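Here's the structure, in C-alpha cells; my notes come after.
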Amino acid sequence: MATMLAARVNAFGGPEVLTLEQVPIPEPKEGEVLLAIRAASINPVDYKTRAGKYPGVTAADLPRTLGRDGSGVVAKLGPGVSDVKEGDAIYAMIGRNRGTWAEYVILKADERVAKPKTLDHAHAGATPLAALTAWQALFDHGGVQAGQRVLIHAASGGVGHFATQFAKLKGAHVIATASGDGIAFARAHGADEVIDYKTQRFDDVVKDVDVVFDTMAGEVQDRSWAVLKKGGILVTILGQPNEEKAKAHGVRAARFLCAIKADQLAEIGRLIDDGKVRVAVQQSFALADMLKAQELAERGPIRGKIVIENR
C-alpha cells in the first residue's frame, strides 16, 4: 500500500506531541478527488486542537492529521468527477475529519476551488480559512456597508490582514489595532487609522463604530462594547459574547465558526487575481520542520500567515 507523510496528533499536549508519520494515501470515493498538497497554512484552530482546547474534538477522535486548508494539484479523480481534471491547481478549506498537514488529502465536491492564477502555492495555501473567516465575519454576520466605521482587532494577523482589505474594498472606514511593526503592516493593507494597543487604550479614542470584529475575546471583547454605536454589532470568533452586556449597551452580538463556502472562496480568488487583495506570508517551512513552524505560529506575533510546504 502506498504511503505518505502526515503530521499527526496521537495525544493532546504541547508542540512535541505532533509527529510525522507514514500513513496510507487515501483513495478518492464517488465525487471526491485526491489533492497532492503543495502548501498548507497554520491556523489557531490547529494548535488549539493539538492542545485539546478545541470544542468538538476529543481524545476519542485521535489520532488526527491537523490542517484545515491548503493548495495543491489534483492527483487522482474519484468516480463521477467531471468538474476538475488531474493536474488542476486547487485551493480549499476542508472539513475537520481530514487534514492538510500531509502530502495528500481528499477533497469533497463542495470544497475545491481553482487556485488564484497570480498566487504561488505557498500564498494560495495561506488563504482559505483565514480569508473565509474574515469575509463571513464582516459580510455574513456583520453586514458591513460602505461608509460604516469598522474596528478590527489584531489587524496584522492572518485573519486581520484579510479583514482590513475586505472592509476597505467595501468602502468602510477601517480602524485597526496593532503594535510594533504591525502598525505599518496594517496601514499598508488599507487601515485608515491604527491604534498601538501597547501604548493606548482603543476604547479611550474610538467611538461610534458600526462593527467590531473581535479576534481576541477576554478583556478586549469586554472593552469593545463601549465603542459601538447604538444598534452596532460585535462579531467574534472566540467565546460566546455576553448578551447581557450587549443589551445594556444597546448593541448586538454574534459568534460564528467559519463555514466552507466555495462560492465565497472563488470570489476572494477573483479579487486576488484582480490585484485588489494581497496575501501576506511571513515565513514558510518544510513539512519536516513542522515543530518549528508550529512553535512560531503559536508564539507570535505573526504578520500575515505561516505556511508549510511539501518541497
Quick one: in the stretch 288-311, which of the residues that are open to solvent by less than 20 Å² (accessible area, probe 1.4 Å) and modelled with pLDDT of 95 or more is farthest from Ala36 (Cα to Cα)? Gly304
So Phe139 fits all but one of (1) of a type outside the set (Lys, Arg); (2) under 20 Å from Val277 (Cβ atoms); (3) under 14 Å from the mean Cα position of the chain (by Cα); what number is the exception? (3)
Within the stretch 64-97, the residues that are open to solvent by 60 Å² or more (accessible area, probe 1.4 Å), assigned to a loop (DSSP other than H, G, I, E, B) and not small (Gly, Ala, Ser) are Pro79, Asp83, Lys85, Glu86, Arg96, Asn97
Check on Val45, at pLDDT below 95, of a type in the set (A, V, I, L, M, F, W, C) and in contact with a Ser or Thr (Cβ under 6 Å, 6 or more places away or on another chain): no
Of the residues in the stretch 115-147, those that are surrounded by fewer than 19 Cβ atoms within 10 Å (Cβ to Cβ) and under 16 Å from Arg38 (Cβ atoms) number 3
Which residues, taken from the stretch 197-215, are farther than 21 Å from Gly143 by Cβ and under 23 Å from the mean Cα position of the chain (by Cα)? Tyr197
Checked the stretch 169-225 for anything part of a loop (DSSP other than H, G, I, E, B), open to solvent by less than 30 Å² (accessible area, probe 1.4 Å) and either hydrophobic (A, V, I, L, M, F, W, C) or farther than 27 Å from Glu243 by Cβ (or both); matches are Ala172, Ser179, His189, Gly190, Ala191, Val206, Ala217
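The values are calculated or read from the model by the stated rules, or taken from the named source; none is laboratory data. Because the structure is predicted, anything quoted here is derived from the model rather than measured. Every residue, glycine as well, gets a Cβ built from its backbone with ideal geometry; the counts of neighbours run over all protein chains shown. Heads up: the accessible areas ignore ligands, DNA and RNA and are worked out on the full protein's heavy atoms, side chains in. Shrake-Rupley method; radii C 1.70, N 1.55, O 1.52, S 1.80 Å.
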